[in-house]
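For reference, the structure discussed in these notes is given below.
The values are calculated or read from the model by the stated rules, or taken from the named source; none is laboratory data. These figures come from a predicted structure and were not determined experimentally. When we count neighbours, we look across all protein chains shown, and the Cβ atoms used for this are built from the backbone with ideal geometry, even at glycine. Accessible surface areas use protein heavy atoms only, side chains included; no ligands, DNA or RNA. Shrake-Rupley method; radii C 1.70, N 1.55, O 1.52, S 1.80 Å.
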Amino acid sequence: MRKALRWLLALVVLIGTVSTAGAATAAEPKAVDIKDRLLSIPGMSLIEEKPYTGYRFFVLNYTQPVDHRHPSKGTFQQRITVLHKDVNRPTVFYTGGYNVSTNPSRREPTQIVDGNQVSMEYRYFTPSRPAPADWSKLDIWQAASDQHRIFEALKPVYSENWISTGGSKGGMTATYYERFYPRDMDGVVAYVAPNDVVNKEDSAYDRFFARVGTEECRDKLNGVQREALVRRAPLEKKYAAYAAENGYTFDTIGSLDRAYEAVVLDYVWGFWQYSTLADCADIPADAKHATDEAIWDSVNTISGFSAYTDQGLETYTPYYYQAGTQLGAPTIHFPHIEKKYIRYGYQPPRNFVPRSIPMKFEPWAMRDVDTWVRHNARHMLFVYGENDPWGAEPFRLGHGARDSYVMTAPGMNHGANVAGLVPDQKALATARILDWAGVAPAKVRENPAAAKPLAAFDARLDKRDVEREPALRP
């Protein structure tokens, strides 16, 4: 009887334990899919999801106010992408300053920290443009405020450290974002970011072109550029036929003649922006005796004769608007070309924006950013290419900067990156990025020379080639 009672009590306890365990299991919250978490954010909607091994990749729209100072005065849909790895990994916030790619890619800091990546299309680049477009709301503060709202929306999902990055105009964008919202990011990696502090003072570019590369290469490039203007009449006939064949027009810039000279004057700049010293082997060595076809092909390959057509300019109207209102634009001289061959010189951004869009330059905008960076930079890394014309006017650091760096990759162009730095700088830059992201291994904290990217290189995912735009666009 006593044994039977003990057995009965044991059975009751067992049943109670199983029941309690079952109740506990039932009470555990079910994991929410990352897509559902993203789409639960007010104003976020899905355009598409694309598969990629090891990640989830989403193309999204996010509702933004046209004017962040007056949010009630209309909204627009801004396109962003999310390369999702894990909510427990750091996040890199990338913008190229133009349109956003809708295919999966991973910027260098994302590979270094093995994290997530949020990419933003810059406002007013279609389709992320209000309709109708109030162009006065296209400025660096409004764009920084776009990033700030996206960060605030996504930070509850991606709660680990954030680093902003971008190349060229995207590097400028990352810098401006830091200036206006310095508490958002844990670090900034700005690649090849121009810093045109005084728009009317551009002598740094002339000094750059006087010494870049080798004298032999400079002479070859200068010879082709000059010869293209000497042969203006026959080559413009070829240009007219090319335009007619492709349906190109010249209403914005004003004439085929203006467009032709603009393309030719971009030639030397475009070469150094996108090519390397080794590519000089492809430049006609004796321009005076080269055929018209050889001169045309060289200029078209490097500058692109479609660049200043209405069709070539249309995509970049937001950039030229910003260049003519806040960013500034370079002007250089051509001592190797007689004045009689140059009719217009480097034309201002106003000539590349439809006259229906009003523009007024604000000379204080870049001075403000430059002053702020010099005195307030924290956890900022600027990377430049030795042979990149846009690096002739770089960001510089003053005594107020802390844990911030300016580094130059030898021999590199507008595609300069951390991987192209000399070994000790490469290790230091990598170590600082890992530390800012909160993922530096103990051995790296003890010895920065041991720093290396946490994720293996993926040839499809990791974009390392410079994103080629027509010359004179950063």
With an 8 Å Cα cut-off and a minimum separation of 6 or more residues, compute the relative contact order for region 220-336 in percent. 38 percent
Could you give the length gained by full extension between D251 and E215, i.e. 0.36 nm per residue of separation minus their alpha carbon distance, to one decimal place? 9.1 nm
Choose one of I332, V383, S356: the residue whose Cα lies farthest towards the positive end of the charge dipole of the chain (beta-carbon charges +1 Lys, Arg; -1 Asp, Glu; about the Cα centre). V383
Measuring from label point to label point, each 7 Å out along Cα→Cβ, what is the V230 to E152 span in nm? 6.1 nm
Per-residue [θ]222 nm for the chain (sum of -39500 (n - 2.57) over DSSP H runs n ≥ 4, rounded to 500): -11500 deg cm²/dmol
Just tell me, in residue order, which DSSP H segments of the chain are both 27 angstrom or longer along the helix axis (alpha-carbon based) and at least 0.5 in mean Kyte-Doolittle hydropathy. 2-27
Test item: Cα-centred dipole of region 142-273, Lys/Arg +1 and Asp/Glu -1 on Cβ, debye: 200 debye
From the square roots a ≥ b ≥ c of the eigenvalues of the alpha-carbon gyration tensor of region 323-474, which class results: rounded (a/c under 1.5), prolate (a/b over b/c), or oblate? prolate
Skipping prolines and chain starts, which residues have an amide H placed within reach, meaning under 5 Å, of the one on R106, given they are 5 or more residues away or on another chain? D462, K463
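If you count, for each residue, the other Cβ atoms within 10 Å and average over each peptide, how do 324-333, 446-455 line up from highest to lowest? Show your work: numbers first, answer last.
Values: 324-333: 21.2, 446-455: 16.0.
The packing order, highest mean first, is 324-333, 446-455.
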Picking from G171, F209, L229, whose Cα lies most toward the positive end of the charge dipole for region 170-240 (charges on Cβ: Lys, Arg +1; Asp, Glu -1)? L229
Using amide H atoms built 1.01 Å from N in the peptide plane, name the residues 5+ places from V92, or on other chains, whose amide H lies under 5 Å from its own. N116, Q117, V118, I163
Plugging the Kirkwood radius over Cα pairs into Stokes-Einstein for region 247-366, at a temperature of 20 °C and a viscosity of 1.002 mPa s, what D comes out in µm²/s? 135 µm²/s
Using only Cα atoms, locate the centre of region 330-371 and the centre of region 44-79, then give the distance between them in Å, rounded to an integer. 33 Å
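What is the extension gain from S45 to D86, computed as 0.36 nm multiplied by their sequence separation minus the C-alpha to C-alpha distance, in nm to one decimal? Each step should come with its number before you reach the end.
Values: separation 41, 0.36 × 41 = 14.76 nm, distance 2.03 nm.
Full extension of this stretch gives 12.7 nm more.
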In order over region 247-255: 3J(HN,Hα) from phi, Karplus 6.51/-1.76/1.60, θ = phi - 60°, whole Hz, x for each Gly or Pro, gives x, 7, 10, 9, 5, 5, 6, x, 6
Have a look at Q347, F180, N199 and report the one farthest towards the positive end of the charge dipole of the chain, computed about the Cα centre with Cβ charges (Lys/Arg +1, Asp/Glu -1). F180
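Sort region 310-396 into rounded, prolate or oblate with this rule: let a ≥ b ≥ c be the square roots of the eigenvalues of the Cα gyration tensor; rounded if a/c is under 1.5, and if a/c is not under 1.5, prolate when a/b is larger than b/c, oblate otherwise.
Details: a/c = 2.14, a/b = 1.35, b/c = 1.59.
Because a/c hits 1.5 or more and a/b fails to exceed b/c, region 310-396 counts as oblate.
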Compute the distance in nm between two label points, each set 7 Å from the Cα along the Cα-to-Cβ direction, one at R183 and one at R350. 4.1 nm
Excluding ligands and nucleic acids, what accessible area in Å² is computed for D286 using a 1.4 Å probe, to the nearest 10? 80 Å²
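What is the magnitude of the charge dipole of the chain about its Cα centre, with +1 placed on the Cβ of each Lys and Arg, -1 on the Cβ of each Asp and Glu, and no other charges, expressed in debye to the nearest 20? Intermediate results must be reported in sequence, preceding the final value.
Numbers: 56 positive and 56 negative charges, 347 e Å.
In debye, rounded to 20, the chain gives about 1660.
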Relative contact order (percent, whole number), the chain, Cα cutoff 8 Å, 6+ residue spacing: 17 percent
Quick one: ranking S72, S203 by accessible area, 1.4 Å probe, largest first, what do you get? S72, S203
Can you give the relative contact order of region 96-180 as a percent, counting alpha carbon pairs under 8 Å and 6+ residues apart? 40 percent
If amide H atoms are modeled at 1.01 Å from N in the peptide plane, then the residues at a separation of 5 or more from F76, or on another chain, having amide H under 5 Å from its own are Q64, V66
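For the chain, the longest stretch holding no trypsin sites (Lys or Arg not before Pro) located in a DSSP loop with at most 13 other Cβ atoms within 10 Å is which? Intermediate results must be reported in sequence, preceding the final value.
Numbers: sites that count: K30, R69, K73, R183, K200, R343, R355, K360, R460, R464, R468.
Longest stretch, sites excluded: 201-342.
Under a Cβ-only charge scheme (Lys and Arg +1, Asp and Glu -1), can you give me the dipole magnitude of region 257-296 about the Cα centre, in debye to the nearest 20? Write down the numbers at each step before the final one.
Details: 2 positive and 8 negative charges, 23 e Å.
Around 100 debye, computed over region 257-296.
Once fully extended, how much extra length lies between R367 and A244, figured as 0.36 nm per residue of separation less the alpha-carbon to alpha-carbon distance? Let's see the in-between values first.
Details: separation 123, 0.36 × 123 = 44.28 nm, distance 4.37 nm.
My answer for the length gained is 39.9 nm.
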